[in-house]
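The values are calculated or read from the model by the stated rules, or taken from the named source; none is laboratory data. In this text the structure is predicted, and so the values were computed from the model without any measurement. So basically every Cβ, Gly included, is an ideal-geometry build from the backbone, and we count neighbours across all protein chains shown.
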Amino acid sequence: MSMPQHDTEQIQVRTFGGPTALFEYGGLRFLTDPTFDGPGDYPSAGPTLVKTAPATAAPADLGPVDVVLLSHDEHADNLDTSGRALLDDVPLTLTTPGGGQRLGKKAKGLADWESVELDRPDGGGTVTVTGVPAVHGPGPREKVEPFTGQVVGFVLTGQGLPTVYVSGDNASLDAVKETAQRFGPVDTAILFAGAPRFPMLFDGGLLVLDSAQAAEAARILGARRVVPVHHDSWTHFTEGRDQLEAAFTAAGLADRLDRDWLRRA
């Protein structure tokens, strides 16, 4: 698989802890899975989620956001109270088909390979956002979704722009392969990792990629750059920054890790 070739500079991705990241693409500002509540216990339909560290910014610090890319709306470590309030001020939230129904008229659900085109304010035409497969646990979707719900990933493309992949809470390398077959190689992969587990769910199986799988996902995608998210600030994340760096180094892919992410160590 050849590496991406684009004359455009890599987009800057700011991460804030957990799954939350902000980037500008085609003149539009995108925010992933907004989580800005403080540390504490977050009850859910399943196990209680425990947040250990605050976000590194508040919603008021972000400036205007044009689009939220929400992998799913049903878990507090992907959308919390502050995040829900933020959605009210954002023109468009792209999410799962079920989430699109739950979140109201500003939200649109994307099925696998369904796309929306967004006008670029820089006059460069449009940005296309495509929903791509994601599975929030080990095994096939039909066995996982009754317990953890729908999840969606995203691919962003545009004329003269880098290809950006946002994995969402995905544990399936098969889903990554499907995406790579249609869109690879990609310039920037925002990979949700952290190896989250709960003993009572799927016998402790992975709910999202572990560090070695994240490195393998980068290889499958032919990713020029990887920005890891979703690996800190919650107790159910069992692997963090050190494990990610070690896994990418072991796979011979350390040079793909985003330099800004590495500097934030």
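So the values come out like this:
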| read-out | value |
| --- | --- |
| Of the criteria (1) touching a Lys or Arg at 6+ places or on another chain (Cβ under 9 Å); (2) in a strand (DSSP E or B); (3) surrounded by fewer than 24 Cβ atoms within 10 Å (Cβ to Cβ), which one residue 118 fails | (1) |
| Sole exception among (1) free of Cβ contacts under 8 Å to residues at least 60 places away in the same chain; (2) closer than 30 Å to residue 198 by Cα for residue 77, by number | (1) |
| Any hit, region 244-251, residues being touching a strand residue (DSSP E or B) at 6+ places or on another chain (Cβ under 6 Å), surrounded by fewer than 24 Cβ atoms within 10 Å (Cβ to Cβ) and in contact (Cβ under 8 Å) with a residue 12 or more places away in the chain | yes |
| Selection status of residue 99, under 24 Å from residue 12 (Cβ atoms), in contact with a strand residue (DSSP E or B) (Cβ under 8 Å, 6 or more places away or on another chain), buried (at least 20 other Cβ atoms within 10 Å of the Cβ) and touching a residue at least 40 places away in the same chain (Cβ under 8 Å) | no |
| Hey, residue 151 over 25 Å from residue 231 (Cα atoms), crowded, with 22+ Cβ neighbours inside 10 Å and of a type in the set (A, V, I, L, M, F, W, C) or not | no |
| Some residue of region 35-42 being of a type in the set (D, E, K, R) and closer than 16 Å to residue 129 by Cα | no |
| In region 165-186, the residues that are assigned to a loop (DSSP other than H, G, I, E, B) and aliphatic (A, V, I, L, M) | 171, 186 |
| From the options 231, 236, residue that is of a type outside the set (Asp, Glu) and touching a helix residue (DSSP H, G or I) at 6+ places or on another chain (Cβ under 7 Å) | 231 |
| Region 189-208, residues that are part of a loop (DSSP other than H, G, I, E, B) and more than 16 Å from residue 154 (Cα to Cα) | 194, 195, 196, 197, 198, 199, 200, 201, 205, 206, 207 |
| Residue in region 87-115 that is farthest from residue 58 (Cα to Cα), counting only those that are among the hydrophobic types (A, V, I, L, M, F, W, C) and in a loop (DSSP other than H, G, I, E, B) | 113 |
| Count of residues meeting criterion [of a type outside the set (Asp, Glu) and over 9 Å from residue 34 (Cβ atoms)] in region 63-84 | 9 |
| The lone exception for residue 144 - which of (1) modelled with pLDDT of 95 or more; (2) buried (at least 22 other Cβ atoms within 10 Å of the Cβ) it fails | (1) |
| Whichever residue in region 207-235 is of a type in the set (D, E, K, R) and under 15 Å from the mean Cα position of the chain (by Cα) and, among such residues, is surrounded by the most Cβ atoms within 10 Å (Cβ to Cβ) | 225 |
| Residue in region 121-141 that is surrounded by the fewest Cβ atoms within 10 Å (Cβ to Cβ), counting only those that are under 19 Å from residue 97 (Cβ atoms) and modelled with pLDDT under 95 | 140 |
| Within region 168-185, tally of residues that are of a type outside the set (Asp, Glu), over 15 Å from residue 215 (Cβ atoms) and crowded, with 24+ Cβ neighbours inside 10 Å | 3 |
| Selected residue (only one of 204, 194, 240 is surrounded by fewer than 16 Cβ atoms within 10 Å (Cβ to Cβ), within 30 Å of residue 38 (Cα to Cα) and among the small types (Gly, Ala, Ser)) | 204 |
